[in-house]
Structure formats: structure tokens, C-alpha cells
Amino acid sequence: MSQRTEVARHWEANAETWTRHARAGYDVYRDALNTPAFLAMLPPIRGLVGLDVACGEGSNTRNLAKLGAKMQAIDIAPTFIRHAEAEEAARPLGITYRVGDGMDLPYDASSFDFATSFMALMDMPDQDKALGEIARVLKPGGFLQFSILHPCFVPPYRKTLREPDGTVRAIEVGRYFDAVDGEVERWRFSNAPAEERESVEPFAVPRFHRTLSQWVAFICGAGLAIEALGEPCADPAVAEAWPTVADTRVAPIFLHFRVRKPIP
Ligand SMILES: C[S@@+](CC[C@H](N)C(=O)[O-])C[C@H]1O[C@@H](n2cnc3c(N)ncnc32)[C@H](O)[C@@H]1O
């Protein structure tokens, strides 16, 4: 089985529980920290035509549509797209969804003013291809903003070190330079209630870790220019309200890039 098929199979298997748990509010890192920071870094998009790559059940695509963009979105897992379309049918925002591969986008060149990808490019085997495809479908002058697991602080080995009272003292990391190509990580949203967590299979997420310098090489190789970086850090009020995300005050978990396709 090809790596692409294997990745698609895992995400399709994750999609039903992921949708239910994300919509129940158990993806606390996304809702309390990562998405608000991403939207704060986003340039104005009202009236622009946008593509959300690897949209999942569509929560972040809907956030972009609510900011006034005309959104299209794509994901490899049909179950995610089915749930996203059902939400669009129930509460229309003018979003068009389709099933497809971020490394082989079914859109014409220069179709979009901007593109986004939330927490997905590190899940694709060929990030250089995905970035090349996104660059192809962007209009000259258009931008891509994407979030990934921070390659420096969430390499394949990461351990949170705590004081006796439970507060985070430090993050231990390792295996930064390991070539990780499809190693499957199994986990559940830690904020799901224990009974719910125990009643479902863990998510199986194939991981394609790349170093920071490899990410920069992929971006430059796709002909895109870096214009902003973000490393979300929970402010004290957010960390108090959502203790799960307090570790981001010690070291980041997420890395945000905004990159632009030059005008020739
Ligand atoms: C961590 S989830 C993030 C979902 C969504 N962007 C969000 O923020 O809620 C990663 C997503 O990437 C999708 N995905 C993985 N590989 C893909 C590929 N090659 N093409 C398109 N989508 C892909 C998965 O199906 C999944 O929806």
C-alpha cells in the first residue's frame, strides 16, 4: 500500500470520533490557543477567494468564511467532508467542500487569493509537493498561512517535566534529526471525559517529522517567501482557564508560517 493510501486510510478511520470530539470541545489546544493565534496573525480576508487545505470537519474553514472570505476546502477523508457538508447544509456559509489530496490539488493554477492549512502539512509524506501545489493554485501576490506541530519543540520525542505541584517546569525533546516517515502516533484528546476516552479507539496519526531547516527549504523550493512566523503562547488568563495549554508558556507546541507567492 502506498504511503498516500495508508495516510488516507488512517485519517478516514479517525474522522468519525475526531469530528464528534472536536465538536464537543475536547480539542482544547485548537480552540483555546492555536486557532485564535492563527486568526490574529491572518491578514484581512473579507471578499477574498480562499482555499483551506486539509480542512477536517470544517471548523476552521467556517471561521474563515465568517471573516468574509469565499471559501473552498479539501480533505483526503470522505467522512470529514461529509460532516463538513452536513454543517454547510444546516447553516450555510457559502463553502464548497471536496474530497482530494493536498499533494495533488484538483484546482486550476492561480485560482485563489489566499490559502490556509491548519495542523495538517506535517501529516503529509511529501510536504514539498503540497507546498508546490498550493503555490501553483495561488494567484501571484497571494499568500498561504499554515500551522504545524513545532518541529523544534515537538519532534518525535517530547516529554513534559512537572514540579511536584503539577506545574510545568520544562520540556524534554529528542530525536530531532530522525527521519520519521509514517511512524504512527496513537493518542486521544486529553480533555475528553474518561468514560468517553475509554469508549473509543485512539486516533492513529502517521507522522512525517521534518527539521526547521527542511521546512524552510520546502517553502523556498516552492518559490514562496516567508513574511511572518508565529509561536502561540497561552497568556496567563488562558492558561488559568485552560490548564491543558499552560505548557505553551514554557515552550511552544505550534509553529505558524505566513508565506507569499511573489508577483513576477
Ligand atoms: C490534525 S487534522 C486538522 C484538521 C483541520 N484542519 C482542523 O484544524 O481542525 C489533519 C487533517 O489533515 C487531513 N489530511 C491528511 N493528509 C492529507 C492529504 N494528503 N490531503 C488532504 N488532507 C489530508 C486529515 O484528513 C485531517 O483532516
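Throughout, read-outs are computed from the coordinates displayed, never taken from laboratory work. Since this is a predicted model, take the numbers as computed values, not measurements. Note that each Cβ is placed from the backbone with ideal geometry, even for glycine, and that neighbours are counted across all protein chains shown.
Odds and ends about this structure:
- Exposure rule at most 14 other beta-carbon atoms within 10 Å, DSSP loop trypsin sites (Lys or Arg not before Pro): the chain longest free segment: 47-174
- Listed residue (VAL245, HIS256, SER2) projecting farthest to the positive dipole end of the chain, Cβ model: HIS256
- Calculated from backbone phi, Karplus (6.51, -1.76, 1.60) coupling profile of segment 4-10 in Hz, x at Gly/Pro: 4, 5, 5, 4, 4, 5, 5
- The C-alpha atoms of the chain define a longest principal axis, and helix 127-137 lies at about 40 degrees to it.
- Selection from LEU131, ILE45, LEU64, by position along the positive dipole direction of segment 3-260 (Cβ): ILE45
- Loop sites in segment 168-264: chymotrypsin sites (Phe, Trp or Tyr not before Pro), DSSP, at most 11 other Cβ within 10 Å: PHE177
- If you model segment 3-260 as an ellipsoid using its alpha carbon gyration tensor, with each semi-axis the square root of five times an eigenvalue, the axes come out at 27, 22, 19 Å, biggest first.
- Global form of segment 149-191, assessed from the alpha-carbon gyration tensor, a/c cut-off 1.5: oblate
- 0 to 90° range, to nearest 10: angle between helix 212-221 axis and the chain longest Cα axis: 0 degrees
- Rounded to the nearest 10 degrees, the inclination of helix 78-90 to the longest alpha-carbon principal axis of the chain is 80 degrees.
- For segment 3-260, size of Cβ-based charge dipole, Lys and Arg +1, Asp and Glu -1, in debye: 520 debye
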